[in-house]
Structure formats: C-alpha cells, structure tokens
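Report on the following structure.
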Amino acid sequence: MTHLLISMRERVLSIVEGLLREGKDPSEILEACRKAAAAISERFERGEYFLSELVFASEIFSGVMRVVLPVLKREVKPVGTIILGTVQGDIHDIGKNIFKAFAEAAGFRVIDLGVDVPPERFVEAVRDHSRYSWHEWTANHKLRVHEEDC
C-alpha cells in the first residue's frame, strides 16, 4: 500500500512539473489544488473519506507547493507577514499547512511557529518579526495580542 501511495504522489508531482514546463500559470495549478482540497474536505465531512485520506492529500499538496511556490514567488510581489501556528493544546496542522501554502502563494511571508503554541510565543513572534504594533489578532481560540503587549 505504501508503494501505491508513493507512486500516486510521484505521479501528481510529475504532472505538476510538466504543466510548469509547458508554461501553465502556477496560480491555475494552485486553484486546481484548492478545488481538490475542497472536494476532499466535503467527502471527509460526509464520512466518505477518513483522516488517513486527509493526511495523504495534505502530503501531496505540500509536495505540489514545494514545486509551485518557487515559480510563483518569482511572479508575486511580497505583501506582508503572517505569524502562524496552532494554539496551545492543538497538535493538528493539516489546515494550518494548507493555509500557509495559499498565504505564501498570495505573496505573504509566513512565520510558522508550529503546533501546540502557547499564547506567549505568539506575542514573542510578533515582537521579533513586526516593525509595527499589532492592535488585535483573533483566532478560533480568541487569542488577543494588544499593542501594549508588543
């Protein structure tokens, strides 16, 4: 089974590399990936796919991003910086990694703090990587970074 999965991933990456060689717009490749991710998510929600399929799809998507991002970064003007991580108590990073890939594709520099990140580490990262004070940032867990904390 592992050989089959590796073969599928290699096939997808080969297709993507071929499209780029042919001059295909990298943003169109990413849009196709976004649509595929949405379809996979819908199947997961309906109980047709399981966590293993999500993880495998995430690995393929990460591989595609490693191929496409260098090409895209040459074409996209940097627009800002995002401090990213999953909050303390959460060790899942599939959604974070997908968001990171699309943010980088859109031109953002992403500082990825990883998983299970305590609130204090977010504050430190803002201090370390920002030239400006952030007034407030709110995520699902209502983490707030106020100007006086920076």
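Only a single criterion out of (1) of a type in the set (D, E, K, R); (2) more than 17 Å from MET8 (Cα to Cα); (3) part of a helix (DSSP H, G or I) is not satisfied by ARG66, namely (2).
Taking region 69-106 as the region of interest, how many residues are of a type outside the set (Ser, Thr, Tyr) and part of a strand (DSSP E or B)? Full working, then the answer.
Step one: of region 69-106, the residues of a type outside the set (Ser, Thr, Tyr) are 69-80, 82-85, 87-106.
Checking the rest, the ones that are also part of a strand (DSSP E or B) come to 80, 82-84, 87.
Selection size over region 69-106: 5.
Listed conditions (1) within 21 Å of GLU104 (Cβ to Cβ); (2) surrounded by 13 or more Cβ atoms within 10 Å (Cβ to Cβ) are all met by ARG43, apart from (1). Any chance region 34-45 includes a residue that's farther than 22 Å from GLY95 by Cβ and not β-branched (Val, Ile, Thr)? Within region 34-45, not a single residue is farther than 22 Å from GLY95 by Cβ and not β-branched (Val, Ile, Thr).
Keeping to region 34-68, report how many residues are free of Cβ contacts under 8 Å to residues at least 40 places away in the same chain and either of a type outside the set (Lys, Arg) or touching a strand residue (DSSP E or B) at 6+ places or on another chain (Cβ under 9 Å) (or both).
Pass one, region 34-68, residues free of Cβ contacts under 8 Å to residues at least 40 places away in the same chain: 35-36, 38-53, 55, 57, 62, 66.
Okay, now just the ones that are also either of a type outside the set (Lys, Arg) or touching a strand residue (DSSP E or B) at 6+ places or on another chain (Cβ under 9 Å) (or both), so 36, 38-42, 44-45, 47-53, 55, 57, 62.
Summing the residues that are free of Cβ contacts under 8 Å to residues at least 40 places away in the same chain and either of a type outside the set (Lys, Arg) or touching a strand residue (DSSP E or B) at 6+ places or on another chain (Cβ under 9 Å) (or both) in region 34-68 gives 18.
Each reported figure results from applying straightforward, stated rules to the coordinates on display, with no laboratory input. Everything quoted here is computed from the prediction, not taken from an experiment. Positions of Cβ are generated from backbone atoms using ideal geometry, with glycine treated the same way; all protein chains shown enter the neighbour counts.
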